[in-house]
Amino acid sequence: MDVGFDAAQRDLRRTVRDLLDREGGAGRGSPVWRRIRELGLLGITVGERHGGAGASSVELGIVLAELGRALTAVPFLQTTVAATVLDRSAAPVAAQVLPGLVAGDLVAGLATPGPASSLPVGTRSALTGVLDNVVDGPHLDLLLTPALVDGDTVLAAVRTDVAGVARTTLPTVDRSRPQARFVLDGAPAVVVGDAAAAARAVDLLLAAVAVESAGAARHCLDATVAHLRTREQFGRPLGTFQALQHRCADLAVLVESAWSTAWYATWAVDGDPATAAVSAPLAKAYCADAFRAVAGEMIQLHGGIGFTWEHPAHRYFKRATSTDLLFGGRAWVRSLVARRAGLRP
């Protein structure tokens, strides 16, 4: 495994960072979303036969880390995960919707049942069940979900604008990442993958959230260090006080650990899928935990200004809190790791 970025990957990171530094806004109609569409980033991992760039999960991770750094409120993560999954599907519906996903005309996403819910059940053409806390749910035109069909786990696709699908936008602490509940009642569905495809889709989603969280955590640390270098107290920069240096050193270790964990899981999605079954959920749990810790310290180490609405620190803490709770929270994700690693039934 090459742990460094090559020249093309560094150029990609620089391009995305410059874009996010220039453009603002949120949602599907924002300038940044339009530029993401124009640059073809939504099809970064989609094969050329469907209009994509055919890049790997590492390139996708580079974009996600930058979006996490800027806390960009667009449905990129879900759409690219869904597009990657469908690009690997032989189902006819995949070829039908992929051009729209790559162009940004459609938004799709993956729903993962949490610890208190079960898989939707039904036939190969209709599903019934409840899916809670679906990330970017209010934006989704197409929903992918693991489901039980005739006793077997499959990956199914459901249009969100058809009879049998009821969508409710949920209140969330993080307004930059909306969520929704979907109630399926005999909703028309199409099977797009088997149990292995469903598991790989979940792995990709968890790895994507992990690398996005690692990018956001790194920004929180960088912003905090920059503040301590310039803010003075008693005639000295705050960063010269040893107690604060120790706290930042601890955060740096945490961020580097999360960064390495996230990138390994991101690489493993393509490079070693068997390892990704454990590394992806573990990375999500660890990186979300690290992000929340660093975002909390960002508020504390910024002092009084860190507690104000005007400073962005609270937005990172809200995203970190929301991410930590996603997919059943750290306890459920670690339980998944234990089951996949054979440590528990």
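Values quoted throughout were computed directly from the atomic coordinates according to the rules given, and no laboratory measurement underlies them. Because the structure is predicted, anything quoted here is derived from the model rather than measured. Here Cβ is always computed from backbone atoms with ideal geometry, including for glycine, and neighbour counts include all displayed protein chains.
Percent of alpha carbon pairs in region 197-340 separated by more than 28 Å?
Of all Cα-Cα pairs in region 197-340, 25 percent lie more than 28 Å apart.
When the dipole is taken about the Cα centre of region 108-194, and only Lys, Arg (+1) and Asp, Glu (-1) are charged at their Cβ, what size is it in debye, to the nearest 20?
With Lys and Arg at +1 and Asp and Glu at -1, about 220 debye.
Post the alpha-carbon centroid distance, region 293-321 to region 252-291, in whole angstrom.
So the separation of the two Cα centres works out to 24 Å.
Calculate the all-directions average of the projected area of the chain's alpha-carbon convex hull, and give it in nm².
Answer in nm², one decimal: 17.8.
Counting each DSSP H run of 4 or more residues in the chain as -39500 (n - 2.57), what helix-only mean residue ellipticity at 222 nm follows after dividing by all residues, to the nearest 500 deg cm²/dmol?
-18000 deg cm²/dmol
Net charge within 14 Å of W332 by Cβ-Cβ distance, Lys/Arg positive one each and Asp/Glu negative one each, not counting W332 itself?
In short, +3.
If you keep only loop residues by DSSP, which GluC sites (Glu not before Pro) in region 249-345 have at most 14 other Cβ atoms within 10 Å of their Cβ?
The qualifying sites are E310.
Relative to the first principal axis of the alpha-carbon coordinates of the chain, what is the inclination of helix 313-325, with its axis defined by its Cα atoms, in degrees from 0 to 90 and to the nearest 10?
40 degrees
Taking only Cα atoms, what is the 0 to 90° angle, nearest 10, from helix 329-340's long axis to the longest principal axis of the chain?
Once rounded, one gets 60 degrees.
Is region 132-289 rounded, prolate or oblate when judged by the Cα gyration tensor, a ≥ b ≥ c being the square roots of its eigenvalues, rounded requiring a/c under 1.5 and prolate requiring a/b larger than b/c?
Verdict is oblate for region 132-289.
Can you pull the three principal axis extents for the Cα set of region 272-345, in Å, largest first?
48, 22, 15
Would you mind working out the magnitude of the charge dipole of region 7-103 relative to its Cα centre, with +1 at each Lys and Arg C-beta and -1 at each Asp and Glu C-beta, to the nearest 20 Debye?
Using only the charged Cβ atoms, the result is roughly 120 debye.
With +1 on the Cβ of every Lys and Arg and -1 on the Cβ of every Asp and Glu, and nothing else charged, how large is the dipole of the chain about its Cα centre, in debye rounded to the nearest 20?
Dipole magnitude for the chain comes out near 660 debye.
With unit charges on the beta carbons (Lys and Arg positive, Asp and Glu negative) and the dipole taken about the Cα centre of the chain, which residue among A111, A276, T80 sits farthest to the positive side?
A111
Can you find, among A226, I305, V253, the residue sitting farthest towards the positive end of the charge dipole of the chain, where Lys and Arg contribute +1 and Asp and Glu -1 at Cβ?
Of the options given, the answer is I305.
For W309 and A195, FRET efficiency with R0 = 45 Å and r from the beta-carbon atoms, rounded to 0.05?
Calculated value: 0.45.
Using alpha carbons only, how many degrees (0 to 90, rounded to 10) separate the axis of helix 57-70 from the longest principal axis of the chain?
Once rounded, one gets 50 degrees.
What does the net charge come to around R175 if you take all other residues with beta carbon closer than 13 Å to its beta carbon, with K and R at +1 and D and E at -1?
Net charge around R175: +2.
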